[in-house]
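So the structure is just underneath, and the comments pick up after that.
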Amino acid sequence: MPVPVQPSPLSVLARQLTTADPDQQWEFAAITLDVLLDAYSRELSNSAGEKASTSARRAKLVRWQRATQGLINQIELARLHLAQGGRFNLYVDPRHQILIIVEGQTVVVSGPHASAEDQISSPILAQFCAYNDCSILHASTAHETKPQPGVQGVWILRQRTRPAFQIGDDLRCEFDTLENRVQKADVCTRLAGELQDLTTALGQAARQGHTIDWALVLRSPPASRYPYLVLNSEGAYIEPDLKLLFKAKRDDWQDAIEWSRHRIEGRPGRLAIIRAGQFLRD
């Protein structure tokens, strides 16, 4: 069992605000975006004076500067949309990571590096708590560290990447946005169940002495009109109930098959990454 992560005061406050008055949520989001913008802008400005000793380090510095400038642009756009009355949502995931979603774009509340976290949280708390009730920070937060029953996965959200719901070390379902999180988590959970059913059926066939032609399996279905999976040129087949996976796009189907193959052959774990938005209408 993973060791529970102790929530920071900022995440404790943000979690309380997710059910608070919309005006309070807006104020918190605006302050947080302003602080993030200032922190990343200062970091980028300071990097201009750095002297890299080798060409490789200079190239790495340039890449970092470009990525940071892109992130600054993203935060600026989110702040502009927020000021213009755009749709926004405040969310805290099970690992106490704070997310601000403005017009469908997600900004993760984190500093430029680990040592900068306090430089982010302190000014946010100081500005927000100067005019709002922050008594929750002085109360016991022991309940925050208790494992949440029924949670089978966790949302993985990082700057400049698609939001993803991950179940253990086995499956990661990627989506274009974080909206309708409950429905998307349910789809991913169903996919995980189908992956396990597929592996069980293939493993049972192998134990019964049937040869598995993985090249053949990789080429089928998706979108096959046949509700079964041909295993080899001799015609052996299985009929797993894969309502979602049988409709997967080719690349996602192949990732699923490779995942099962690794399990059956006893090789180190492989993470199946599937663009799961394609299943939301099923």
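Taken together, the values in this text are just the output of simple stated rules run on the coordinates, not laboratory data. Everything numeric here is computed off the predicted structure, so don't read it as measured data. Reconstructed Cβ throughout: ideal geometry from the backbone, glycine too, with neighbour counts over all protein chains shown.
With neighbours defined as other Cβ atoms within 10 Å of a residue's Cβ, the residues Lys247, Lys60 order from fewest to most as Lys60, Lys247. This model, with +1 at the C-beta of Lys and Arg and -1 at the C-beta of Asp and Glu, gives segment 181-279 a dipole about its Cα centre of some 340 debye. Normalising the average separation of contacting C-alpha pairs (under 8 angstrom, six or more residues apart) by the number of residues puts the relative contact order of segment 181-279 at 30 percent. Sorting 166-175, 236-245 by their mean Cβ neighbour count within 10 Å, with the most densely packed peptide first, gives 166-175, 236-245. Annotation: the residues Thr189, Thr161, sorted from fewest to most other C-beta atoms within 10 Å of their own C-beta, follow the order Thr161, Thr189. Cβ crowding within 10 Å ranks Trp214, Trp259 as Trp214, Trp259, fewest other Cβ atoms first.
The slack between Gln196 and Lys247, meaning 0.36 nm per residue of separation minus the straight C-alpha distance, is 16.7 nm.
Between Tyr228 and Gln183, the simple spin-label model (points 7 angstrom out along Cα→Cβ) gives 3.5 nm.
The modelled label-to-label distance between Asp23 and Ala130, using points 7 Å beyond Cα along the C-beta direction, is 1.9 nm. Kirkwood-type hydrodynamic radius, segment 9-148: 16.4 Å, calculated from all non-identical alpha-carbon pairs. Find out how many positive minus negative residues lie around Leu37, taking Lys and Arg as positive, Asp and Glu as negative, among other residues whose Cβ is under 15 Å from that of Leu37. Within the 15 Å Cβ shell, the charges total -2.
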